[in-house]
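Heads up: the structure comes next, in structure tokens.
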Amino acid sequence: MSGPLQPALAALAEGRVIVIIGDRLRGGDIDFCVAAKHVSAEAVNFMATHGRGLVCLAVTPARAVRLGIELINPGRENQSGRPHGRSIEAASGVSTGISAADRAHTIAVAVADGSTASDIVSPGHIFPLITAEGGVAERPAAAEAAIELCRRAGAGDAAVICSIMRDDGEMARIEDMGDFLARHGIPVADIGDLLRAG
């Protein structure tokens, strides 16, 4: 695929971190993203250190069903609009669960072929986001975009995302990130470009 998304797709295919912009539901907030199938302790540590937001695992509804994860609050009352499932941990192979290595292991277990509800426990230190069935066309947000980008990159159908805060604790905007992105060689994917790509 050519066009503005190509650098980000190439990075995802190689297991590198990208930035997603253009979330229509979060007013300019931006996110780090890496394909879940390529996640590593280094990638988790990078996102936790430089993103500072929650490290979340974006999954399809089908994977959520297979893992036995439901929305925390599926009804309309007191609904934030964020599609959070209950937090998870790998059922084995972790110690405290919070280290970058433990979180990477939990993600790897959750997205492994054949994983089921018996492979995870709750609560834990990874926060699933259960994406809309219709993907980014239905919900033009970072979680859905992350999965669509990973699919287009041939990097599976699950993604790890982390919202980015500035040093002062305010949410970062893409204009805050120019030097950082250039220094780390991180490409940017705009959800608007993804929607236009069809």
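The values are calculated or read from the model by the stated rules, or taken from the named source; none is laboratory data. Since we're looking at a predicted model, the values are computed, not measured. Cβ coordinates were reconstructed from backbone atoms using ideal geometry, including for glycine residues, and neighbour counts include every protein chain displayed.
Set side by side, the residues Ile107, Ile130 differ, and just one is within 19 Å of Ala13 (Cβ to Cβ), out of contact with any Lys or Arg (no Cβ under 8 Å at 6 or more places or on another chain) and touching a residue at least 24 places away in the same chain (Cβ under 8 Å), which is Ile107. With respect to the conditions (1) out of contact with any helix residue (DSSP H, G or I) (no Cβ under 8 Å at 6 or more places or on another chain); (2) buried (at least 17 other Cβ atoms within 10 Å of the Cβ), Thr60 lacks only one, and its number is (1). Selection over segment 30-80 of residues that are modelled with pLDDT of 95 or more and assigned to a loop (DSSP other than H, G, I, E, B) gives a count of 7.
When you look at Ile126, is it surrounded by 21 or more Cβ atoms within 10 Å (Cβ to Cβ), touching a strand residue (DSSP E or B) at 6+ places or on another chain (Cβ under 8 Å) and in a loop (DSSP other than H, G, I, E, B), yes or no? It is false that Ile126 is surrounded by 21 or more Cβ atoms within 10 Å (Cβ to Cβ), touching a strand residue (DSSP E or B) at 6+ places or on another chain (Cβ under 8 Å) and in a loop (DSSP other than H, G, I, E, B). Starting from segment 19-37, keep only residues that are under 14 Å from Met171 (Cβ atoms) and touching a residue at least 60 places away in the same chain (Cβ under 8 Å), then list their pairs with residues that are basic (Lys, Arg) and buried (at least 18 other Cβ atoms within 10 Å of the Cβ) whose Cβ atoms are within a distance under 9 Å, requiring at least 6 positions of separation or different chains. Within 9 Å, the pairs are Leu25/Arg139. Listed by first and then second residue, the pairs linking a residue in segment 58-70 that is touching a residue at least 24 places away in the same chain (Cβ under 8 Å) to a residue that is in a helix (DSSP H, G or I), with Cβ atoms under 7 Å apart and 6 or more places separating them unless they lie on different chains, are Ala58/Ala143; Ala58/Ala146; Ala58/Ile147; Thr60/Ile147; Leu67/Ala110; Leu67/Ala117; Gly68/Ala117. Given the conditions (1) touching a residue at least 60 places away in the same chain (Cβ under 8 Å); (2) in a loop (DSSP other than H, G, I, E, B), which single one is not true for Ser115? Result: Ser115 passes all but (1).
When Ala110, Ala132, Ala101, Ala143 are checked against the criterion of being part of a helix (DSSP H, G or I) and surrounded by fewer than 21 Cβ atoms within 10 Å (Cβ to Cβ), Ala101 stands alone in meeting it.
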